[in-house]
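Visitor: The following block contains the structure, expressed as structure tokens.
The values are calculated or read from the model by the stated rules, or taken from the named source; none is laboratory data. It should be emphasised that the depicted structure is a prediction, and the values quoted were computed from it without experimental measurement. Because the Cβ atoms are built from the backbone with ideal geometry, glycine has one as well, and the counts that use them run over all protein chains shown. Accessible surface areas use protein heavy atoms only, side chains included; no ligands, DNA or RNA. Shrake-Rupley method; radii C 1.70, N 1.55, O 1.52, S 1.80 Å.
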Amino acid sequence: MAKGKIDSNSGVHANVGFDFQRNTCVYIFLEKYETLKSQDYFIMLEHYDDIVFGFLNDKGELSQVTTYQAKKSSTVWTTNQVYEIIQKISDIGIEIFKDPLEKTKNYIQSQHFITNNTIALDYKCSTSKKTKKVYINETNESIAYSALNKDCQDNLKRGNSEVTFNSEQTNHFDNLNFTFIDLGRNTKNQLELLSGKFKSVFGKSIVDHDAARDTFIKRLKEIEGTFNQGGVLRLDNKKKRIESSQIDEILRILTTKNLALEFCRKKTEKICEELSVNVYEAMSFELNFENSLDEFKDLTQGEHQKIIRFIENKKGTFHNFTNDVLCIKALYESFLTEQNSTLSPLQLKASISAGYFLTLMQQ
């Protein structure tokens, strides 16, 4: 439990200017998705540090925490500029290690200073007496403190006239990493890059990569803006976490929509023929189908909620059909007999077709 040493709600108060941290989180998630997708993990924003990834074992014990102090810059970072950041990261590491969430025997902690500009760590070589520099940038994207030249390590430990480190802080230096992220300097460029990243990771399994990006960011904003109750930081605060299961559900919805639209494109002609949709209305059938997919997710849309509940209650009858189109026709005819709707006939036919596919996918 952390209170006092770290301002637990400072980021929440200032989140208007935190697009870079949020976008960095999405970028990291996409970069690591292939390994993340098979793990039980959670993500936190503005809680201990800007970004926190926590990993759990099958007992719910914490096996690893990776944190990111994310800062954008238009100029190169010098050693004097990073001392204060290192001090903050070290203090955060100390507090996370004390967090009461049960940890495994082999618990690992890793902490990053991550930025979109070059980090230049200078030091005086003990043999040549010349000043040298270690650069973290596009060609050397990440380096651990433990991998630095000893002279560079010692220079960081010494601090400067304004920032000094005690032994407890330096004990956490081995968890420290300096990381460059190739993320644009403004929000517009960052969002464009993230859309491309979604496309490269998920390809055609997601139909709208901009929507996928925006959905993920919206969820991050929700936890980012949640206050730490009582000013207390805890890793087990579920209100400040996005669980891997919640992320899986977001991705399932996004990929299901793409599959549904593929289904619609392949079946539209036959569905329209069986449901007596004329050629003019058929031109709008696919649009109404897609709109229905979105309306089903909105619990305030009473007509669509009624339709999806009706279809879910009929899913036991799906086994009676060997043809999707005939099953949709039977559902439509049953709905007309048992229910009523304020939707137009075309909207109703498209909604029942979309609802059938969504229910089928849940079987």
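Visitor: Residues being closer than 23 Å to residue 337 by Cα, open to solvent by 50 Å² or more (accessible area, probe 1.4 Å) and either of a type in the set (S, T, N, Q) or in contact (Cβ under 8 Å) with a residue 12 or more places away in the chain (or both): count how many of those fall in the range 296-311.
Guide: Looking only at that region, the number is 1.
Visitor: On to the next question. Of all residues in the range 49-86, how many are of a type in the set (Asp, Glu) and in contact with a helix residue (DSSP H, G or I) (Cβ under 7 Å, 6 or more places away or on another chain)?
Guide: Matching residues across the range 49-86 total 2.
Visitor: I'm trying to understand the selection: among the residues of the range 175-193, which are loosely packed, with under 15 Cβ neighbours inside 10 Å and either of a type in the set (Asp, Glu) or in a loop (DSSP other than H, G, I, E, B) (or both)?
Guide: 182, 185, 186, 192
Visitor: For the range 119-158, which residues satisfy the criterion of being modelled with pLDDT of 95 or more, assigned to a loop (DSSP other than H, G, I, E, B) and in contact with a helix residue (DSSP H, G or I) (Cβ under 8 Å, 6 or more places away or on another chain)?
Guide: 148
Visitor: Would you mind telling me which numbered condition in (1) open to solvent by less than 70 Å² (accessible area, probe 1.4 Å); (2) not in a helix (DSSP H, G or I) residue 340 fails?
Guide: That leaves (1) as the condition not met.
Visitor: Tell me, which residue of the range 3-24 that is farther than 17 Å from residue 226 by Cα and out of contact with any Lys or Arg (no Cβ under 6 Å at 6 or more places or on another chain) is modelled with the lowest pLDDT? Give the steps one after another, and end with the answer.
Guide: Taking the range 3-24 and keeping what is farther than 17 Å from residue 226 by Cα, we get 4-5, 20, 23-24.
Subsequent filtering for residues that are out of contact with any Lys or Arg (no Cβ under 6 Å at 6 or more places or on another chain) retains 4-5, 23-24.
Working: 4: 46, 5: 55, 23: 96, 24: 96.
Across the range 3-24, the extreme among qualifying residues is 4.
Visitor: Among the residues of the range 79-97, count how many are touching a strand residue (DSSP E or B) at 6+ places or on another chain (Cβ under 8 Å) and either closer than 25 Å to residue 39 by Cα or open to solvent by 60 Å² or more (accessible area, probe 1.4 Å) (or both).
Guide: Step one: list which residues in the range 79-97 are touching a strand residue (DSSP E or B) at 6+ places or on another chain (Cβ under 8 Å), which gives 79, 82, 85-86, 88-90, 92-93, 95-97.
When the remaining residues are screened for being either closer than 25 Å to residue 39 by Cα or open to solvent by 60 Å² or more (accessible area, probe 1.4 Å) (or both), the result is 88, 92-93, 95-97.
Of the residues in that region, 6 qualify.
Visitor: List the number of the failed condition for residue 249; all other conditions in (1) modelled with pLDDT under 95; (2) out of contact with any strand residue (DSSP E or B) (no Cβ under 6 Å at 6 or more places or on another chain); (3) more than 28 Å from residue 295 (Cβ to Cβ) hold.
Guide: (3)
Visitor: Kindly establish whether residue 102 is of a type outside the set (A, V, I, L, M), over 29 Å from residue 123 (Cβ atoms), out of contact with any Cys (no Cβ under 7 Å at 6 or more places or on another chain) and at pLDDT below 95.
Guide: So residue 102 does not fit the description; no.
Visitor: I've got another one for you. Of the residues 230, 225, which is closer than 23 Å to residue 102 by Cα, at pLDDT below 90 and among the small types (Gly, Ala, Ser)?
Guide: 230
Visitor: Touching an Asp or Glu at 6+ places or on another chain (Cβ under 8 Å) and either open to solvent by 40 Å² or more (accessible area, probe 1.4 Å) or part of a helix (DSSP H, G or I) (or both) - does that describe any residue in the range 163-171?
Guide: Within the range 163-171, one or more residues are touching an Asp or Glu at 6+ places or on another chain (Cβ under 8 Å) and either open to solvent by 40 Å² or more (accessible area, probe 1.4 Å) or part of a helix (DSSP H, G or I) (or both).
Conditions tested, residue by residue: (1) surrounded by 18 or more Cβ atoms within 10 Å (Cβ to Cβ); (2) touching a helix residue (DSSP H, G or I) at 6+ places or on another chain (Cβ under 9 Å); (3) without any contact (Cβ under 8 Å) to a residue 24 or more places away in the chain; (4) part of a helix (DSSP H, G or I).
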residue	(1), (2), (3), (4)
265	no, yes, yes, yes
269	no, yes, yes, yes
277	yes, yes, no, no
285	yes, yes, no, yes
293	yes, yes, no, yes
349	yes, yes, no, yes
353	yes, yes, no, yes
357	yes, yes, no, yes
360	no, yes, no, yes
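Visitor: For the range 59-78: of the residues being within 30 Å of residue 103 (Cα to Cα) and surrounded by fewer than 17 Cβ atoms within 10 Å (Cβ to Cβ), which is farthest from the chain's Cα centre (by Cα)? Break it down stepwise before answering.
Guide: Pass one, the range 59-78, residues within 30 Å of residue 103 (Cα to Cα): 59-71.
Narrowing the set further to residues that are surrounded by fewer than 17 Cβ atoms within 10 Å (Cβ to Cβ) leaves 59-61.
On the way: 59: 24, 60: 21, 61: 22 Å.
So the residue we want is 59.
Visitor: I want to confirm something. Restricting to the range 194-222 and keeping residues that are in a helix (DSSP H, G or I), over 16 Å from residue 32 (Cβ atoms) and of a type in the set (A, V, I, L, M, F, W, C), which single residue is most open to solvent (accessible area, probe 1.4 Å)?
Guide: Checked the range 194-222; the qualifying residue most open to solvent (accessible area, probe 1.4 Å) is 211.
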